[in-house]
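Enquirer: After the structure tokens below, expect a handful of questions from me.
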Ligand code: EZ4
Ligand code: CO
């Protein structure tokens with residue numbers, strides 16, 4: 001038995017907000033978990049501080065599954081991003097503790113490495129196609145084997161994934177949500193040209209990805225998938241919102257372009273029909289937003305039965321603690337596909353020293369015991385929380401739309 005003696009939530013903003021749970025034990029070993037929910041950070045912080053931490057004190061930190069079930073079944077109110085991010089933070093911290101006690105990196109406790117490294121994809125963004133492809137070449141020169149292409153849409157002032165800062169894209173940019181404009185017609189005309197130019201300039205030895213960010217109806221997504229087939233995209237991400245999982249049947253009927261979805265999912269129930277009917281090829285659920293290592297392994301197990309591979313979300317709002325956890329998961333799980341990787345700012349890396357490292361298109365979680373990610377609390381305290389929202393979208397006639 002290793003007794004939980006204390007736990008606290010650390011909120012810090014080294015360039016963007018992060019919520020981190022730290023669990024302490026009677027043996028001096030502590031564990032960390034990411035609890036960041038972009039634009040809704042303090043809701044998870046309160047859920048943990050006011051409702052979860054009081055129930056953790058005195059429990060055996062080794063009983064990861066039992067504590068997971070206690071927080072899920074025992075809450076009566078199940079699922080949802082706030083609840084599942086809070087449970088995820090506890091789960092990550094407990095796996096971190098178990099790894100440290102064992103003296104082993106987490107991936108060893110998950111069955112060991114199934115591969116040498118974790119293939120990651122970078123974001124190439126630009127206002128024009130030329131700019132996007134220049135960024136893609138920059139990443140390919142650094143060894144990246146997979147690149148996501150996003151480009152400005154002619155006639156629209158702003159586009160998802162594209163910013164003025166070529167190196168970074170941080171969508172949670174305002175203390176009251178900014179309003180963007182969207183036109184499906186303009187967008188649908190622009191993407192095939194991007195991919196045609198992409199294959200011409202970048203060749204065929206690199207995986208090319210694209211994020212639709214929930215902007216299309218199923219039949220529109222079917223048409224875009226068909227238009228992109230000649231350029232063999234690695235995947236089309238979040239083609240349509242997935243509250244209605246059956247929507248993906250219609251897309252599937254019309255295209256063989258591989259489909260990825262799930263960065264906003266928080267439980268296996270969000271994926272069940274998509275996976276069982278083989279309506280997708282990659283599941284993007286994450287350690288932080290889908291209930292931790294314990295629950296994400298269950299999702300991956302279900303996915304493996306149906307030839308669905310993992311493709312964890314890895315934007316900058318997933319903290320280095322989550323990235324560490326994701327890499328141990330990715331390295332060990334048999335049906336790994338790809339991992340998204342947007343590098344954090346130097347300030348963020350300094351607050352969260354970590355053992356994971358990049359080489360030749362791959363990340364590796366490193367050999368430090370547990371997650372291999374720490375937090376410098378004194379430094380974290382120098383960056384107080386700043387309210388920051390994701391944008392909202394309107395159509396050109398003023399109607400609210402999906403961002
Ligand atoms: O909009 O992480 O694939 N990446 C994405 C991200 C998400 C943000 C939301 O918190 O879609 O840019
Ligand atoms: Co996305």
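We did not get these values from a lab; they are worked out from the coordinates using the rules stated. Computed from a predicted structure; not experimentally measured. Using ideal geometry, Cβ is built from the backbone for each residue, glycine included, and neighbour counts are taken over all protein chains shown.
Enquirer: What does DSSP give for segment 109-367 in terms of the percent of beta bridges that are antiparallel, rounded to the nearest 5? Write out the running numbers ahead of the final one.
Expert: Details: 5 of 26 bridges.
Bridges in segment 109-367 are about 20 percent antiparallel.
Enquirer: Related question: What is the angle, in °, between the Cα long axis of helix 320-332 and the longest principal axis of the Cα atoms in the chain? Nearest 10 is fine, range 0 to 90.
Expert: That works out to roughly 80 degrees.
Enquirer: Quote the relative contact order of segment 109-367 in percent (integer), defining contacts as alpha-carbon pairs under 8 Å separated by 6+ residues.
Expert: Values: 477 pairs, mean separation 51.8, N = 259.
Over segment 109-367, the number comes to 20 percent.
Enquirer: Distance between the C-alpha centers of segment 38-98 and segment 115-168? Whole Å please.
Expert: 35 Å
Enquirer: Please list 122-131, 27-36, 335-344, 200-209 highest first by mean number of surrounding beta-carbon atoms within 10 Å per residue. Don't skip to the answer; put the middle values down first.
Expert: Numbers: 122-131: 19.8, 27-36: 23.8, 335-344: 21.5, 200-209: 15.0.
Packing order, densest peptide first, comes out as 27-36, 335-344, 122-131, 200-209.
Enquirer: Which value, in Å to one decimal place, does the Kirkwood hydrodynamic radius take for segment 4-106 when every pair of different Cα atoms is included? Could you put the intermediate results ahead of the total?
Expert: On the way: mean 1/r = 0.0734 Å⁻¹.
In segment 4-106 this quantity evaluates to 13.6 Å.
Enquirer: Oh, and also: Take the alpha-carbon centre of segment 317-339, take the same for segment 254-290, and report the distance between them in whole Å.
Expert: Cα centroid to Cα centroid, the span is 16 Å.
Enquirer: Hey, what angle do you get for helix 129-141 against the long axis of the chain, alpha-carbon based, 0 to 90 degrees rounded to 10?
Expert: 50 degrees
Enquirer: Still on this structure, I have one more. Using only Cα atoms, find the angle between the long axis of helix 81-102 and the longest principal axis of the chain, and express it within 0 to 90 degrees, rounded to the nearest 10.
Expert: 60 degrees
Enquirer: Now a separate question. Using helices alone, what [θ] at 222 nm do you get for the chain, with -39,500 (n - 2.57) per DSSP H run of 4 or more residues, divided over all residues and rounded to the nearest 500?
Expert: Details: 14 runs with 142 residues, N = 403.
The helix contribution divided over the chain gives -10500 deg cm²/dmol.
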